[in-house]
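Colleague: Take this structure first; my questions come after.
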Amino acid sequence: MPIHEIRHPLIRHKLGLMRRADLSTKNFREMAQEIGALLTYEATKDLPLEPTRVAGWAGEVDVEKLAGKKVTVVPILRAGIGMLDGVLTLIPGAKVSAVGIARNEETLQAQPYLEKLVGQLDQRLALIVDPMLATGGSMVATIDMLKQAGARTVRALVLVAAPEGIAAVERAHPDVHIYTASVDDHLNENGYIIPGLGDAGDRIFGTR
Ligand code: PRP
Ligand code: URA
């Protein structure tokens, strides 16, 4: 099942605060990063490890470390930046691949405007971050971009997902697992998620 709704009490509490229309920009930003970190924890549970040996206080110790190429985090600009530091808190060595996609507010079509991807994508886990999965257009365009550049293992972290967006990703990319704090109810006639969070980019950047 490629959709994972993570109903951890800390996530439920923080998301509940984010739903408040009167939450300050500062607090909204903080919660987005914190939930981003908590979703990262869930989405990386099966990262491969390899054995290694370190000099411990009482002599040599057999331990483990992450194996293979570093993870790449892929924030979808602009709002994805609002979760990036949360992911990097847990994976500080990750490489960042920035993707710019703007959703045309009339047609709801995703319009790519920036692609700055790291190399050797075929050997890395790509973790896309974007607070909102609405029609799914922006997410599908980003996954298309990553796969065209060679990515083979792609996961998406979103704060809130609409059933329409989940279905669109499942149709286009059934191998991509989505980790979310909430599967919400539906999209309204303007393509906004209900109950949702409103315009996440505006709330993170203070432009509302
Ligand atoms: C928002 C959001 C997603 C997209 C979701 O970004 O952050 O990227 O819309 O909608 P979709 O699933 O229908 O494509 P927006 O394009 O408003 O840009 P912003 O991040 O610059 O605010
Ligand atoms: N983008 C947002 O920021 N919010 C939505 O509800 C849908 C798209």
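Colleague: Filter the stretch 67-83 down to residues that are hydrophobic (A, V, I, L, M, F, W, C) and either under 19 Å from the mean Cα position of the chain (by Cα) or surrounded by 15 or more Cβ atoms within 10 Å (Cβ to Cβ) (or both) and give me whichever is farthest from Ala181 (Cα to Cα).
Modeller: Among them, the one singled out is Val71.
Colleague: A further question on this structure: Can you say whether Gly86 is at pLDDT 95 or above and either surrounded by 16 or more Cβ atoms within 10 Å (Cβ to Cβ) or of a type in the set (Lys, Arg) (or both), as far as the supplied structure shows?
Modeller: The answer is yes for Gly86.
Colleague: Quick check, is Arg152 under 22 Å from Gly68 (Cβ atoms), surrounded by 18 or more Cβ atoms within 10 Å (Cβ to Cβ) and more than 11 Å from ligand 1 (Cβ to nearest atom)?
Modeller: No: the conditions fail for Arg152.
Colleague: Additional query: Check the stretch 153-161 and report whether any residue there is more than 21 Å from Val87 (Cβ to Cβ) and modelled with pLDDT of 95 or more.
Modeller: no
Colleague: Restricting to the stretch 189-207, name every residue that is within 12 Å of ligand 1 (Cβ to nearest atom) and within 21 Å of Thr107 (Cα to Cα).
Modeller: Result: Asn190, Gly191, Tyr192, Ile193, Gly196, Leu197, Gly198, Asp199, Ala200, Gly201, Asp202.
Colleague: Please note which strands (runs of 3 or more DSSP E) are completely contained in the stretch 117-208 and include at least 2 residues that are touching a helix residue (DSSP H, G or I) at 6+ places or on another chain (Cβ under 8 Å), without any contact (Cβ under 8 Å) to a residue 40 or more places away in the chain and aliphatic (A, V, I, L, M).
Modeller: 153-161
Colleague: Consider the stretch 97-113. How many of its residues are surrounded by fewer than 16 Cβ atoms within 10 Å (Cβ to Cβ) and in a strand (DSSP E or B)?
Modeller: The number of residues fulfilling the criteria is 3.
The values are calculated or read from the model by the stated rules, or taken from the named source; none is laboratory data. Predicted model, so just to flag it, every value in this text is computed and none were measured. Ideal geometry is used to build each Cβ from the backbone, glycine not excepted, and the neighbour counts take in all protein chains shown.
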